[in-house]
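Trainee: Following this message is one structure expressed as structure tokens.
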Amino acid sequence: MATALKTFESILLDRSWVSPQDLEKARQRRKPGQGLAEVLLEMGALEPQRLARVLAQEYRIPFQANIDEHTLDANLVSKVPINYAKKNGLLPLHAEDGAVVVAVSDPANYDALDDLHVLFRAPIQPVVAPAEIIADATNRAYDRAATTSAQDLIVDLEEDRLDQVASELANEPTDLLESDDAAPIIRLVNGLLSQAVKDRASDIHIEVFESELVVRFRVDGMLYDVLSPPKRLHPAITSRIKIMSGLNIAEKRLPQDGRIRLKVAGRDIDIRVSTIPTAFGERIVLRLLDRAQALIDINLDRLGFSGDNLRRLDRLIRQSHGIVLVTGPTGSGKTTTLYACLSRINSPEKNIITIEDPIEYQLRGVGQMQVSPKIDLTFAAGLRSVLRQDPDVIMVGEIRDSETAEIAIQAALTGHLVFSTLHTNDSFGALTRLVDMGIEPFLVSSSVLAVIAQRLVRRVCPDCRERYAPTAAELKSVGMDLGSFAGRIYRAAAKGCRQCRNTGYRGRTAIQELMLVDDEVRSLVMQRADAAMLRRACVARGMKLLRNDGADRVLAGETTVEELLRVTQEDIS
């Protein structure tokens with residue numbers, strides 16, 4: 001062992017992958033039973049890829065930098081329990097010349113290799129791969145190899161007794177893929193959740209009708225039928241979901257709301273559960289949020305802001321006081337845009353507090369309050385309390401009434417920067433809506449800095465999109481003409497591909513219009529001008545409307561004319 005350790009250290013030093021100083025620190029920090037490599041990784045002094053290369057050289061076995069889960073032997077994978085594979089940092093890859101090739105992160109784990117030798121009844125040929133590469137490939141491989149898909153489970157469920165609620169399984173597994181429970185209803189619900197995460201679904205709808213039960217996924221804003229289980233399974237499915245979300249199983253007459261936190265294929269998923277009573281039973285909607293992906297997506301650049309809109313908004317959100325409003329229909333990404341604005345200006349020097357219903361993302365360094373009408377904690381009541389917390393920036397989830405609007409405007413006039421949302425079709429209607437709520441025009445004009453209107457359009461799938469020459473009518477429908485157009489644009493493939501679930505679209509991006517409240521707009525607001533007058537004045541000065549921003553995305557190959565018309569139909573006549 002001493003010789004091996006000396007070789008390990010000498011390889012690190014010879015290649016300058018670790019400095020002598022870091023090596024000495026690691027020796028001093030090393031605890032009994034702890035490997036030197038583990039200490040170096042904790043210190044950040046050694047990269048996992050380099051560690052794997054050193055171990056491969058030290059033990060004189062091959063090194064493999066990546067693992068393609070599509071080339072794995074599913075039969076071999078299925079024979080090793082996922083919790084055992086994760087615990088020992090290994091993954092069977094394929095059979096070769098009578099031996100089984102296994103990726104390992106620690107080639108010194110001889111006990112695990114002996115276990116595999118007994119299990120497969122064949123020689124084991126180890127290859128060293130980085131631990132995080134093995135962990136990621138393990139999650140993906142077992143996700144693909146899982147035979148408990150929602151549709152396949154229906155056959156099992158037909159013969160299973162469902163008169164007992166699955167309350168005995170209240171202890172949730174750490175990872176859904178590690179669940180080895182044989183209860184069919186448990187596996188059905190787990191299968192639905194796993195499939196939804198795999199398909200990038202934002203919502204799961206479980207809908208009961210007179211003679212059928214339907215499960216639908218919302219992917220990129222569109223609903224798709226996924227499953228039609230027998231209707232008699234509805235009570236058991238409902239009870240299982242209520243157990244997971246901590247709701248009252250016995251209460252079927254009133255709406256209920258709950259949350260589920262779990263892991264699916266190594267991804268931390270937050271699920272909001274809503275149930276409502278209908279004529280034929282309870283309807284359930286589960287909203288899924290991939291917490292890791294959400295933090296990546298909370299970025300103005302990734303949301304679709306670019307060019308002049310991004311530069312102007314970046315300047316606006318750094319003002320010391322005033323109101324910035326985001327408008328649009330439900331599901332248009334308004335709250336995500338506000339989160340992105342807060343993330344961009346978040347710093348230890350600023351006291352940022354939000355009032356939300358509900359809290360969708362956890363922002364580090366930001367105080368977040370959730371409204372609760374049951375105890376009279378409304379947006380207005382919360383906003384009053386927040387003003388006593390010495391805030392620099394306030395986010396109000398939504399301005400729903402005149403009381404909240406008045407307090408928000410007073411906060412803006414007294415030196416606070418306020419972000420909020422409003423339900424209007426375009427940016428121009430936001431100012432008139434505030435006046436209609438009873439806010440004096442001079443208060444609106446002096447407090448509002450800008451209004452953003454936005455929509456979410458689906459991105460055309462980059463793997464199967466088709467180039468074509470648009471007609472003059474198509475170009476005219478999105479505000480362009482043949483004289484200003486050169487080249488070809490993309491449309492969604494009729495049959496799509498596997499990557500986009502045969503829809504032709506994959507992912508979404510935002511299109512925006514940004515109305516700055518300048519002197520001319522203030523003057524019109526003071527005259528109680530309607531939205532049409534505000535629109536004409538802003539367009540005359542060159543403001544880019546939703547359809548103009550969308551047309552730029554069409555030309556850039558990000559979306560299609562059909563998709564742009566679908567989300568901006570009220571703006572195009």
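Trainee: Using the heavy atoms of the protein chains alone and a 1.4 angstrom probe, what is the accessible area of the chain per residue in square angstrom?
Mentor: Ligands and nucleic acids excluded, the result is 49 Å² per residue.
Trainee: Any cysteines in the chain with zero other Cys Cβ atoms under 4.7 Å from their Cβ? List them, or say none.
Mentor: Here C341, C538 come out as lacking a disulfide-compatible partner, given the Cβ-Cβ threshold of under 4.7 Å.
Trainee: By accessible area of protein heavy atoms, probe 1.4 Å, what ranking do K495, K242 get, highest first?
Mentor: K495, K242
Trainee: Where does each of D136, D97, D270 land when they are ordered by accessible area, with a 1.4 Å probe and the largest first?
Mentor: The ranking, largest first, comes out as D97, D136, D270.
Trainee: Further question on the same structure: Any idea what angle helix 20-29 forms with the longest principal axis of the chain, computed on alpha-carbon atoms, 0 to 90 degrees, nearest 10?
Mentor: 80 degrees
Trainee: Right, here's the next one. Specify, per residue and in Å³, the volume enclosed by the convex hull of the alpha carbon atoms belonging to the stretch 385-447.
Mentor: 81 Å³
Trainee: What angle, in degrees between 0 and 90 and rounded to the nearest 10, separates the Cα long axis of helix 131-145 from the longest principal axis of the Cα atoms of the chain?
Mentor: 80 degrees
Trainee: If R₀ is 41 angstrom, what is the calculated FRET efficiency for the pair V285 and A469, using the beta carbon separation as r and rounding to 0.05?
Mentor: Between V285 and A469 the formula returns 0.45.
Trainee: With the cut-off at 31 Å, tell me which of the pairs K79/K198; K79/K252; K252/K334 have Cα atoms farther apart than that.
Mentor: K79/K252; K252/K334
Trainee: Report the extension gain between D518 and R30 in nm, rounded to one decimal, defined as 0.36 nm multiplied by the number of residues separating them, less their alpha carbon distance.
Mentor: Result: 169.4 nm gained on full extension.
Trainee: Kindly provide log₁₀ I(q)/I(0) values, in the same order as q = 0.10, 0.15, 0.21 Å⁻¹, from the Debye equation applied to equal alpha-carbon scatterers of the stretch 416-568.
Mentor: -0.46, -0.82, -1.20
Trainee: Okay, next question. Report the one residue of L524, F428, G557 whose Cα lies farthest in the direction of the positive end of the charge dipole of the chain (charges on C-beta: Lys and Arg +1, Asp and Glu -1; origin at the Cα centre).
Mentor: Checking the options against the dipole of the chain, the answer is L524.
Trainee: Find, to one decimal place in angstroms, the Kirkwood hydrodynamic radius of the chain, where the mean of 1/r is taken over every pair of different Cα atoms and then inverted.
Mentor: The Cα-based Kirkwood calculation yields 27.7 Å.
Trainee: Enter the accessible area of R315 (Å², nearest 10), with the probe set to 1.4 Å and all protein chains included.
Mentor: Rounded to the nearest 10, that gives 130 Å².
Trainee: Only four residue types carry charge here, +1 at the Cβ of Lys and Arg and -1 at the Cβ of Asp and Glu. Report the dipole size of the stretch 450-541 about the Cα centre in Debye, rounded to the nearest 20.
Mentor: Computed about the Cα centre, the dipole is about 660 debye.
Trainee: Nearest 10 degrees, 0 to 90: what angle lies between the long axis of helix 531-540 and the longest principal axis of the chain (Cα atoms)?
Mentor: With rounding to tens, the tilt is 80 degrees.
Trainee: Once you put a point 7 Å from the Cα of H117 and another 7 Å from the Cα of A494, both along the Cβ direction, what distance in nm separates them?
Mentor: 5.9 nm
Trainee: How much of the DSSP bridge set in the chain is antiparallel, in percent, rounded to the nearest 5?
Mentor: Taking every DSSP beta bridge with both residues in the chain, the antiparallel ones total about 65 percent.
Trainee: Keeping all protein chains in position, work out how much accessible area K198 exposes to a 1.4 Å probe, and write it in Å² to the nearest 10.
Mentor: 90 Å²
Trainee: Lys/Arg Cβ at +1, Asp/Glu Cβ at -1, dipole of the chain taken about the Cα centre: which of P20, H234, N190 is farthest positive-ward?
Mentor: Result: P20, furthest along the dipole toward the positive end.
Trainee: Would you please give the FRET efficiency between H321 and Q362, computed as 1/(1 + (r/R0)^6) with r the Cβ-Cβ distance and R0 = 25 Å, to the nearest 0.05?
Mentor: Once the sixth-power term is evaluated, E becomes 0.40.
Trainee: Which ³J(HN,Hα) values in Hz, rounded to whole numbers, follow from the phi angles of the stretch 454-465 under the Karplus curve 6.51 cos²θ - 1.76 cosθ + 1.60, where θ = phi - 60° and Gly and Pro get x?
Mentor: Working through the residues one at a time gives 8, 9, 9, 10, 6, 7, 5, 4, x, 7, 10, 5 Hz.
Trainee: If the viscosity is 0.692 mPa s and the temperature 37 °C, what Stokes-Einstein diffusion coefficient in µm²/s follows for the stretch 381-486 when Rh is the Kirkwood radius over Cα pairs?
Mentor: In µm²/s, the coefficient is 192.
Trainee: Taking θ = phi - 60°, what integer Hz values does the Karplus form 6.51 cos²θ - 1.76 cosθ + 1.60 yield along the stretch 330-341, in sequence order, with x for Gly and Pro?
Mentor: Values per residue, Gly and Pro as x: 4, x, 9, x, 4, 5, 4, 5, 5, 4, 5, 5 Hz.
Trainee: For the stretch 184-223, what is the convex hull volume of its Cα atoms per residue in Å³?
Mentor: 62 Å³
Trainee: Another question, then. Where the only charges are on Cβ atoms (+1 Lys, Arg; -1 Asp, Glu), what is the dipole of the stretch 202-280 about its Cα centre, to the nearest 20 debye?
Mentor: 340 debye
Trainee: Tell me, what % of the accessible area of the chain is carbon and sulfur with a 1.4 angstrom probe?
Mentor: Here carbon and sulfur together make up 48 percent of the probe-accessible area.
Trainee: Would you please classify the overall shape of the stretch 353-411 from the alpha carbon gyration tensor, given that a ≥ b ≥ c denote the square roots of the eigenvalues, rounded means a/c under 1.5, and beyond that prolate means a/b larger than b/c while oblate covers the rest?
Mentor: oblate
Trainee: Hey, another quick one. Given the DSSP H assignment, sum -39500 (n - 2.57) over each helix run of at least 4 residues in the chain and divide by its residue total; what's the result at 222 nm in deg cm²/dmol, nearest 500?
Mentor: Computed ellipticity for the chain at 222 nm equals -11500 deg cm²/dmol.
The values are calculated or read from the model by the stated rules, or taken from the named source; none is laboratory data. All values reported here derive from a predicted model rather than from experimental measurement. All Cβ positions, even for glycine, are placed from backbone atoms using ideal geometry, and neighbour counts span all protein chains on display. Keep in mind that these areas ignore ligands, DNA and RNA; they rest on the heavy atoms of the full protein, side chains included. Shrake-Rupley method; radii C 1.70, N 1.55, O 1.52, S 1.80 Å.
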